[in-house]
Amino acid sequence: MLDRVLVKQLRAIVGEAYFRDDKESLVAHSYDGTPMLQALPDGVIYPESTQQISDVMKLLASRRVPVVTRGSGSNLCGGTVPVQGGVVMVMHRMNRILETDLENLTATVQPGIITSEFINHIESLGLFYPPDPSSMRISTIGGNIAECSGGLRGLKYGTTKDYVLGLEAVLANGDIIRTGGKLMKDVAGYDLTKLLVGSEGTLAIITEATLKLVPPPASKKTMLAMYRDLYGAARTVSAIIESKIIPATLEIMDNPTIRVVDAYAKLGLPLDMEAVLLIEQDGDPEKVERDMERIREVCERERADRIEIASSREEAEKLLTARRSAFTALARLRPTTILEDATVPRSKIADMVLRINEIAKKYNISIATFGHAGDGNLHPTATTDARDHDEISRVERAFEDIFAAAIELGGTITGEHGVGMVKAPFLEWKIGAPGMELMKGIKQAFDPHHLLNPGKLFAKETRKRVVIDHG
Ligand SMILES: Cc1cc2nc3c(=O)[nH]c(=O)nc-3n(C[C@H](O)[C@H](O)[C@H](O)COP(=O)(O)OP(=O)(O)OC[C@H]3O[C@@H](n4cnc5c(N)ncnc54)[C@H](O)[C@@H]3O)c2cc1C
């Protein structure tokens, strides 16, 4: 609970209406996109400017009150659950595009802008901002930066980190820093821009970002390759890369995912197939034709049962939208959906798919798998029920085995969703004890009193459940 004097001071900074501590506001900001995690904050604040954030941080730091920065709360790692209470800082009022610089091909934005609104604006100017997380209609650019989000176009175009040129951020003590700029080159000291990208709200509050824009591709073609054998589909992914073609998109959906996505999006997907690959190439029309022909040959060699090319842009968009809706569609199956994002080198994608299926069988649980296969980034998704404690415990153990398998294959515990709380106990598996100590040292340098998003990254507990009395 925050004392009355502090609440009055916070309201004086942001305005009466923009600090809330009524029960509805607290409950609404006690959870995010991650199932089975909830903790009440003591207050919710909606700043409008960098200066306000700086003033708020100076005040909260002097009182040692924790702060959880929040975009839309769509993360899947418990990243915005205020496990140690304190204030949730919602960035939605800071949602403006401050500048689009057509000479430098950059855009400078506030962090609270919704990703798809930004992308649509950029496309209306005849330009292209590739990072396209499937959640882009709800996620914010600030959240994308703090999680280093990826999307369907990651294989060819990279992820958020490849498009952040400069940042403005407020530190835990209220100081304002600027990193990078409208620069294609900058080696002045440590790369603080890259350090803040993916820092999950634990190092600083991002208040402005300068993003790189690129020219849009001249043409696109989209293919659906259908397989009776999941392993064959997964093998095709490595075979395409091995043949030195980098498609713009290379996604996999297994049979359970195909079924729910089709029931949801009504596309007439092949329900009898064990897997489909959604493949898109873009660029110069002649090169696109050539690449698609070679990709077709690889798919046939790996025993694709059928291959179809989308006949129009609308049809292609429908397929991409269907893939983006996979998580939402799976969430309709059972009360609780736990989606992870273990990632392996692309050459190991088929091995990983096999391992996931073996692990699901071992623990007798349902796991559907889809994901950015071309990036080696799979989304094994357990459809389960939080009320069934025995099943949930088997799901948890299965995911531990999946993370271990990913590491064993040279991969990582998370490719794009971040560590947050959910994967904190496994971070050391990936980076080792000396890596953990170094990261803790970085945290200490930025945030000596552990006020920014405490209980994340270095936590020992995973899906901690906090029961809230809604009465
Ligand atoms: C249906 C669905 C599909 C998804 N698909 C994808 C996908 O394809 N690819 C992918 O990478 N992710 C995906 N996600 C996960 C999620 O949408 C992303 O992590 C997204 O970037 C989070 O954005 P947000 O605005 O909701 O951030 P939030 O969830 O609010 O916050 C995420 C993290 O960023 C921090 N943060 C937010 N804003 C700031 C800021 N201004 N300064 C400092 N820290 C900040 C928070 O403290 C938190 O740690 C998906 C989620 C859902 C629900």
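Identify, please: which residue in the range 285-338 is out of contact with any strand residue (DSSP E or B) (no Cβ under 9 Å at 6 or more places or on another chain), among the small types (Gly, Ala, Ser) and away from the ligand (no atom under 16 Å from the Cβ) and is, among those, most open to solvent (accessible area, probe 1.4 Å)? The residue in question is SER311. For the range 13-31, a residue qualifies if it is among the hydrophobic types (A, V, I, L, M, F, W, C) and out of contact with any helix residue (DSSP H, G or I) (no Cβ under 9 Å at 6 or more places or on another chain), and the qualifying residues are LEU26, VAL27, ALA28. Residue count for the range 1-31, restricted to those that are in contact with a strand residue (DSSP E or B) (Cβ under 8 Å, 6 or more places away or on another chain) and either crowded, with 19+ Cβ neighbours inside 10 Å or not aliphatic (A, V, I, L, M) (or both): 11.
Whether a residue is within 13 Å of the ligand (Cβ to nearest atom) and of a type in the set (A, V, I, L, M, F, W, C) was assessed, and LEU98 does not pass this test. Scan the range 255-276 for residues that are outside any helix (DSSP H, G or I), in contact (Cβ under 8 Å) with a residue 24 or more places away in the chain and touching an Asp or Glu at 6+ places or on another chain (Cβ under 7 Å) and the total you get is 4.
Candidates are the residues of the range 379-413 that are under 16 Å from the mean Cα position of the chain (by Cα) and crowded, with 24+ Cβ neighbours inside 10 Å; the one that is nearest to GLU200 (Cα to Cα) is ILE413.
Scanning the range 118-140 for residues that are open to solvent by 20 Å² or more (accessible area, probe 1.4 Å) and either of a type in the set (Lys, Arg) or within 12 Å of the ligand (Cβ to nearest atom) (or both) gives SER134, SER135, MET136, ARG137, ILE138. Checking PRO133, PRO111 one by one, the residue that is touching a helix residue (DSSP H, G or I) at 6+ places or on another chain (Cβ under 6 Å) and at pLDDT 95 or above is PRO111 and no other.
The values are calculated or read from the model by the stated rules, or taken from the named source; none is laboratory data. Here the structure is a predicted model, which is why all the values come from computation and not from measurement. So basically every Cβ, Gly included, is an ideal-geometry build from the backbone, and we count neighbours across all protein chains shown. For the accessible areas, the whole protein counts, side chains as well, though only heavy atoms, and no ligand, DNA or RNA atoms are used. Shrake-Rupley method; radii C 1.70, N 1.55, O 1.52, S 1.80 Å.
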